[in-house]
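Colleague: I'd like to ask you about the structure that follows.
The values are calculated or read from the model by the stated rules, or taken from the named source; none is laboratory data. Predicted model only: the values in this text are computed from it and were never measured. With ideal geometry, Cβ positions are generated from the backbone for all residues, glycine too; neighbour counts draw on all protein chains shown. Only protein heavy atoms, including side chains, enter the accessible area calculation; ligands, DNA and RNA are left aside. Shrake-Rupley method; radii C 1.70, N 1.55, O 1.52, S 1.80 Å.
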Amino acid sequence: MEESLKDSMKYDPCKMITERFEVKDKPLQSYSPLALAFLGDAVYEVIVRTVIVSMGNTQPAKLHQHSAHLVKAASQAALIEAILPELTEEEADVNRRGRNAKSNTHAKNASVIDYRKATGLEALVGYLYLKGDTDRILELVKIGLEKGNLL
């Protein structure tokens, strides 16, 4: 009973957007890891910005500085390392696919290893977002920020 109530109150921004814009559903497996990472990067940044702004009203430059620190590849690499033991087999597979995806770009201020780990995290966030599992994204990011001592 309690579980069905929780499911009915589930917030799924992806579903709301795709329904409003009448976008047809695609199987999750049809998305490339880099497409998932592209989306996951934006979702992760919205989460970080929301947390930062909620911590207190301050100057935009300080907000930007704090959020930039959390969204850079090194911080994302630390976050994914902190949550690896928490991932399901399915989530670990998505992360691995994202981490191993061959990209034509690279971060200017990050090691190749950190950049790939960050891409894995972003792919995972994008996957969970398209899956409609916002609760799981928030749970993993919270664990990662706390365990990684990033906040």
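Colleague: Ignoring ligands, DNA and RNA, what percent of the 1.4 Å accessible area of the chain is carbon and sulfur? Intermediate values should be presented prior to the final figure.
Modeller: Working: 5490 of 9830 Å².
After summing per-atom areas, the C and S share lands at 56 percent.
Colleague: Okay, next question. Could you give the length gained by full extension between ILE143 and LYS24, i.e. 0.36 nm per residue of separation minus their alpha carbon distance, to one decimal place? Let's see the in-between values first.
Modeller: On the way: separation 119, 0.36 × 119 = 42.84 nm, distance 3.29 nm.
Extra length from ILE143 to LYS24 when fully extended: 39.6 nm.
Colleague: Show me the helices of the chain, taken as full DSSP H stretches, that run 18 Å or more along their long axis by Cα and average 0.0 or above in Kyte-Doolittle hydropathy. Can you show the working numbers first?
Modeller: On the way: long enough: 33-54 (31 Å, 1.51); 112-131 (28 Å, 0.35); 134-147 (19 Å, 0.05).
Result, helices passing both filters: 33-54, 112-131, 134-147.
Colleague: Express the accessible area of the range 30-151 per residue in Å², computed with a 1.4 Å probe while the remaining protein chains stay in the model. All intermediate terms of the calculation are to be shown ahead of the outcome.
Modeller: On the way: 6740 Å² over 122 residues.
For the range 30-151, the solvent-accessible area averages 55 Å² per residue.
Colleague: Oh, and also: So, counting K/R as plus one and D/E as minus one, what does the shell of residues with Cβ under 15 Å around ILE143 add up to?
Modeller: Numbers: positive: ARG136, LYS142, LYS147; negative: GLU81, GLU86, GLU91, ASP133, ASP135, GLU139, GLU146.
Charge balance in the 15 Å sphere: -4.
Colleague: Mind telling me which of LEU63, LEU34, LEU124 comes out most flexible in a GNM of the chain, alpha-carbon contacts under 10 Å?
Modeller: Residue with maximal mean-square fluctuation among LEU63, LEU34, LEU124: LEU63.
Colleague: Please report the base-10 log of the normalised intensity I(q)/I(0) for the chain, using a Debye sum with one equal scatterer per alpha carbon and no solvent, at each q in 0.09 (1/Å).
Modeller: -0.29
Colleague: I want to check a number: in the range 41-151, how many lysine pairs have alpha carbons closer than 24 Å, given a sequence separation of 8 or more or different chains?
Modeller: Close lysine pairs under the 24 Å cut-off: 16.
Colleague: Which residue, ARG97, ARG116, ARG20, tops the fluctuation ranking in a GNM of the chain built on C-alpha contacts under 10 Å?
Modeller: ARG20
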